[in-house]
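J.: Can you keep this structure in mind? I'll have questions shortly.
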Amino acid sequence: AYFVGSQPVNLTFQLGIIDVSLPDSAENALYRGYLAMQEAIRKGSNQAVFFDDLLEEQIQRDRDLEDALPSALENNEFSLHYQPKVDANGQCCGAEALLRWHHGDQGLISPAIFIPLAERSGFMPKLGAWVINEACAFLGRLREQNNHLPGRLSVNVSPWQLREETLPSTLQSALQATAIPAPQIEIELTESALVDSLVTARKQLQAIRELGVSIAVDDFGTGYSSLAYLQDLPLDVLKIDKQFVDNLDSTRGQQLVEGIINIGTVLDMTVVAEGIEDRTQLSALCALGCQYFQGYLFSKPLPEEAFGEWLRKNLQTPLTTS
């Protein structure tokens, strides 16, 4: 960083590197340098990337998937799976909708791969709108089956969707089309998405809150943590990230989790711990005062029919959390 007057100015660089000792045409050399540069840009600030054949193959695979996104949506290759949340009594108190892509040729594609591609290509707002509509439609289908999800269904919203002025109207239209009460839906945003777009986020989230939709902060404590935004923004839920849950076997890890729970309590926010895989973690969280949980200990994300069956069983016989 350097200073202009009294204001700091941050400099960043992205560098693509090729081996100029290899015999090649100027056109290919420039192209390969461009590919390495694009990969450095994708990785973020202060990156240097060396070109190799594997990089070119990976970029081509990403391009193929990126090009396939629109047709995948048209061909119903996307679906939602649902992971339940439970309270301290083992009773279901909500669920999170998680996007899955079953590619026609390649099978299941990880969200860690296709979500960044959808964001980079500008397809995320359309895909995100489909997720919102499908989540509301799912609640409608549960209702028709005389099944009922206690609490709220959470839908993940990307930073790109948050920047779209149409997000509140998309939510409103989905709720009206399915006759789902707004308090049954909750949107989840990562902490970094909120901080990166704080001014836009404040306006958007206020409009969403006015609809009656709740707002959760996912991965709390892993991004650019600031207590100020917790006060400034209309937030309802803090989710304790899995990396904190995994460190509950240490005193420092327990202190961090207890601190997050206390912050949520002071701000009158619900605190949910996610990524719980064993009863030792669950016992430690209960001892620290956490009351809501999500993770493989209770259920992995389930397709619609399997989740409906899980829900019926849970309503009849809650899980044992003690």
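J.: Of all residues in segment 291-321, which are of a type in the set (Ser, Thr, Tyr) and touching a residue at least 12 places away in the same chain (Cβ under 8 Å)? Outline the logic, then answer.
T.: Going through segment 291-321, the residues of a type in the set (Ser, Thr, Tyr) turn out to be 292, 296, 299, 317, 320-321.
Selection gives Tyr292, Tyr296, Ser299, Thr320, Thr321.
J.: Those residues that are more than 20 Å from the chain's Cα centre (by Cα) and either within 29 Å of Ile261 (Cα to Cα) or not in a helix (DSSP H, G or I) (or both), I need them from segment 160-181; list them, please.
T.: Of everything in segment 160-181, those that are more than 20 Å from the chain's Cα centre (by Cα) and either within 29 Å of Ile261 (Cα to Cα) or not in a helix (DSSP H, G or I) (or both) turn out to be Ala179, Ile180, Pro181.
J.: Now for a different question. Within the set of pairs 6 or more residues apart or between chains, which connect a residue that is among the small types (Gly, Ala, Ser) inside segment 204-220 to a residue that is in a loop (DSSP other than H, G, I, E, B) with Cβ atoms less than 8 Å apart?
T.: Filtered contacts from segment 204-220: Gly212/Pro181; Ser214/Asp236; Ala216/Leu235; Ala216/Asp236.
J.: Could you check Ile115 against (1) modelled with pLDDT of 95 or more; (2) within 30 Å of Leu256 (Cβ to Cβ) and say which number it fails?
T.: Against the list (1) modelled with pLDDT of 95 or more; (2) within 30 Å of Leu256 (Cβ to Cβ), Ile115 comes up short only on (1).
J.: May I pose another question? So, in segment 252-290, exactly how many residues are more than 24 Å from the chain's Cα centre (by Cα), in contact (Cβ under 8 Å) with a residue 24 or more places away in the chain and either farther than 16 Å from Gly90 by Cα or part of a helix (DSSP H, G or I) (or both)?
T.: Residues meeting the conditions: 5.
J.: Restricting segment 182-193 to residues that are more than 12 Å from the chain's Cα centre (by Cα) and part of a helix (DSSP H, G or I), which is surrounded by the fewest Cβ atoms within 10 Å (Cβ to Cβ)? Outline the logic, then answer.
T.: Taking segment 182-193 and keeping what is more than 12 Å from the chain's Cα centre (by Cα), we get 182-186.
Applying the additional criterion that residues be part of a helix (DSSP H, G or I) yields 182-184.
On the way: Ala182: 19, Pro183: 12, Gln184: 22.
Going through the qualifying residues, I end up with Pro183.
J.: Ok, one more. Looking at Ser299 and the list (1) of a type outside the set (Val, Ile, Thr); (2) assigned to a loop (DSSP other than H, G, I, E, B); (3) closer than 27 Å to Leu162 by Cβ, which single condition is not satisfied?
T.: All conditions are met except number (3).
J.: Let me ask another. Cβ-Cβ below 9 Å, separation at least six or inter-chain, first residue in segment 105-123 and on the phi > 0 side of the Ramachandran plot, second outside any loop (DSSP other than H, G, I, E, B) and of a type outside the set (Lys, Arg): which pairs?
T.: Matching pairs, first to second residue: Gly122/Trp160.
The values are calculated or read from the model by the stated rules, or taken from the named source; none is laboratory data. Just so we're clear, the structure is a prediction, and the values are computed from it rather than from any experiment. Neighbour counts run over all protein chains shown; Cβ positions are idealised from the backbone, glycine included.
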